[in-house]
Amino acid sequence: MRVFRALGVDRLIVSNAAGGLNRNFRVGDLMIITDVINLMFDNPLRGPNDSSCGPRFPDMSRPFSPRLMALAEEVARRKGIALSWGTYAAVTGPCYETPAELRFMSRIGIDAVGMSTVPETIVARQVGVSEVLGISFITNVATGEVGPKVSHDEVLKAAAEGGPRFVDLVQGVVRQM
Ligand code: HPA
């Protein structure tokens, strides 16, 4: 992100594969990330701060751009792509979550969980990237009920199947952003 910023990047689209905690979500859904919860128990800004990169205590009150979210909604409507909205949480992984962890996440308002995106978004905001859009692709159901196991192959397969729809949405947004 710091290199991107040094190169002049001012708008960013971040994406991820995520497990869907929200019971309305289905495998293959695309979710606009409205907000995030950092459950990585670490932060990319820890350690000495180089103030030429950004402030020591950056604001995170509006991590994602309302303008880009509205644009994504408009593009999706025009292309007939269904969109969900929700809060994304990042964990370090690499194991998937236990049922108790998923129930906990559900109670604190998390709709989708994955292993990325939050650190990039934090650094993007710190270095002054002015607009960030985040999109999760729901690759597996993660409701916390003891049920089918989650496998990395299932995640890869769902992501591959949904790829063209995701690309279509992102291309539409990029053309108009
Ligand atoms: N949990 C965490 N990360 C993920 C998942 C999940 O269920 N699916 C894809 N990335």
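The values are calculated or read from the model by the stated rules, or taken from the named source; none is laboratory data. This one's a predicted model, so the numbers in the text were calculated from it and none came from an experiment. Cβ coordinates were reconstructed from backbone atoms using ideal geometry, including for glycine residues, and neighbour counts include every protein chain displayed. For the accessible areas, the whole protein counts, side chains as well, though only heavy atoms, and no ligand, DNA or RNA atoms are used. Shrake-Rupley method; radii C 1.70, N 1.55, O 1.52, S 1.80 Å.
Evaluated against (1) open to solvent by 20 Å² or more (accessible area, probe 1.4 Å); (2) over 28 Å from Val150 (Cα atoms), Pro99 falls short on exactly one condition, (2). Among the residues of segment 59-92, those that are closer than 22 Å to Met115 by Cα and assigned to a loop (DSSP other than H, G, I, E, B) comprise Met60, Ser61, Arg62, Pro63, Phe64, Ser65, Val91, Thr92. Under the condition of being among the small types (Gly, Ala, Ser) and within 15 Å of the chain's Cα centre (by Cα), which residue from segment 131-156 is nearest to the ligand (Cβ to nearest atom)? Ranking the qualifying residues of segment 131-156, first place goes to Ser136.
Being out of contact with any strand residue (DSSP E or B) (no Cβ under 7 Å at 6 or more places or on another chain), open to solvent by 50 Å² or more (accessible area, probe 1.4 Å), of a type outside the set (Gly, Ala, Ser) and more than 16 Å from the ligand (Cβ to nearest atom) is true for just one of Arg11, Arg56, Arg67, Arg23. Which residue is that? Steps first, please.
Numbers: Arg11 fails: out of contact with any strand residue (DSSP E or B) (no Cβ under 7 Å at 6 or more places or on another chain); Arg67 fails: out of contact with any strand residue (DSSP E or B) (no Cβ under 7 Å at 6 or more places or on another chain); Arg23 fails: more than 16 Å from the ligand (Cβ to nearest atom).
After applying the criteria, what remains is Arg56.
Can you name every residue in segment 112-125 that is open to solvent by less than 30 Å² (accessible area, probe 1.4 Å) and either at negative phi or touching a helix residue (DSSP H, G or I) at 6+ places or on another chain (Cβ under 9 Å) (or both)? Spell out the reasoning first.
Residues of segment 112-125 that are open to solvent by less than 30 Å² (accessible area, probe 1.4 Å), as a first pass: 112-114, 117-118, 121-124.
Ala112, Val113, Gly114, Val118, Thr121, Ile122, Val123, Ala124, listed by residue number.
For Gly128, the criteria (1) more than 9 Å from the ligand (Cβ to nearest atom); (2) surrounded by fewer than 18 Cβ atoms within 10 Å (Cβ to Cβ); (3) on the phi < 0 side of the Ramachandran plot; (4) over 18 Å from the mean Cα position of the chain (by Cα) hold in every case but one, which is (3).
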